[in-house]
Amino acid sequence: MNKPRLILPSDLRLVGQDPRKLAQLHRKGELVRLRRGVYAKSTDWNSLNPTEQYGLRVAAFQALVPRQPVLCHATAALLWGLWVVGLPSKLHVVTEVATSGRSNNGVIRHVGSLTEGIVQCGQFLLTDKQTTTIALIKELSFPYAVAVCDSALRTPEQRQAVNQFTPAGTEPVLHEPSWTTDGTQGSELSCHDLLAAAGQLTSRASRERTSAVINFASALSGSAGESISRAKMHQLGFPPPVLQKHYLLRDGSDAFVDFWFKEQNLAGEFDGKGKYTRSDWGGGLSIQDRVMKEKAREDQIRAQGVRFVRWTWQELSDRNRFEQPLRQAGLSK
């Protein structure tokens, strides 16, 4: 993103102005206070989406602390493009010392190393992709942990993004880190390496829970919604589907469905809004044209004797609402 400039009291002192002017401009609505003593222009702030605003808050926090923080957990996951559902409510950073003030002033501190497993992304330091992934799947509930792990296994769609992350202490790449990405960043992880890392966890329960997620994960998942759908199907006791089933359409083009249940010859599709708005999906067509293209694709697959069942985030968020259309489509436990 084109990051708005952070404004600090020291900036005004340098030009001979009273720093108290910042508080006055904030009260007038011309400035937004990101943290105590750090501001941005309201017009710049309002031009950002929520995830970019979160990233600017991270930069504001970094501008205040005496030592550059190491971002971790859900905060680092955003830069890695991992499939974390929802925006974190707080910033996550690493601390080497366990203290009673683990969470304060909108910052959650996780005990960890400040030197090992750290990479640099632009002006930020963060835990590497494997460390970030393990930390999240260890704590999240099974469906949401599967989404994170699935995304970590995927090959980045833009290979140049791999080089954005460099070992800490080396010369950083000279382009702005992106807090909003359509695909995962950095090199894909392997189940073998993730299982080895899970085996190093101190708690047996954590090792077993984390390993169960990794063994269930798949790089074939196309989105967080698909991952969570598959995990919840598993929890509900439905048979495991084939992922990304291929069909050849009448015009000779290839088509894939999210899920396919062989016994019922049933295709399952998760209909998230992002499916029609992602920049890497739809070949530059308008949203309306993308919807029409999707309908034509489904009609051609139906013509091959395949039935369809679809669901949205609303159904997926409610166990009974998600289970009902699957049962109505003929799936049984």
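The values are calculated or read from the model by the stated rules, or taken from the named source; none is laboratory data. Everything numeric here is computed off the predicted structure, so don't read it as measured data. A quick note on method: Cβ atoms are made from the backbone with ideal geometry, for glycine too, and the neighbour counts reach across all protein chains shown.
When each of Val70, Val119, Val65 is tested for being modelled with pLDDT of 95 or more and not small (Gly, Ala, Ser), the lone residue that passes is Val70. Within the range 75-86, identify whether any single residue is modelled with pLDDT of 95 or more, small (Gly, Ala, Ser) and under 23 Å from Gln200 (Cβ atoms), and answer yes or no. Yes, the range 75-86 contains a residue that is modelled with pLDDT of 95 or more, small (Gly, Ala, Ser) and under 23 Å from Gln200 (Cβ atoms). Per the conditions (1) out of contact with any strand residue (DSSP E or B) (no Cβ under 6 Å at 6 or more places or on another chain); (2) touching a residue at least 60 places away in the same chain (Cβ under 8 Å); (3) buried (at least 16 other Cβ atoms within 10 Å of the Cβ), the sole criterion not satisfied by Gly37 is (2). Restricting attention to the range 107-124, the residues that are without any contact (Cβ under 8 Å) to a residue 60 or more places away in the chain and under 18 Å from Lys90 (Cβ atoms) add up to 6.
Considering Gly86, Gly29, which residue is loosely packed, with under 15 Cβ neighbours inside 10 Å, within 28 Å of Ser187 (Cβ to Cβ) and not charged (D, E, K, R)? Step by step, each of Gly86, Gly29 is checked, and only Gly86 is loosely packed, with under 15 Cβ neighbours inside 10 Å, within 28 Å of Ser187 (Cβ to Cβ) and not charged (D, E, K, R). Of all residues in the range 134-177, those being buried (at least 22 other Cβ atoms within 10 Å of the Cβ), under 30 Å from Asp318 (Cβ atoms) and modelled with pLDDT under 95 number 0. Do we find a residue being outside the structural domain of Cys121 (by TED's automatic domain parsing), more than 19 Å from Phe61 (Cα to Cα) and under 34 Å from the mean Cα position of the chain (by Cα) anywhere in the range 12-27? No: zero hits.
Being among the small types (Gly, Ala, Ser) and part of a helix (DSSP H, G or I) narrows it down to one of Gly225, Gly183, Gly268, so name that one. So that I can check it myself, show each step before the final result.
Working: Gly183 fails: part of a helix (DSSP H, G or I); Gly268 fails: part of a helix (DSSP H, G or I).
Going through Gly225, Gly183, Gly268 in turn, just one is among the small types (Gly, Ala, Ser) and part of a helix (DSSP H, G or I): Gly225.
For the range 237-246, the count of residues that are closer than 21 Å to Arg319 by Cα, buried (at least 18 other Cβ atoms within 10 Å of the Cβ) and charged (D, E, K, R) is zero.
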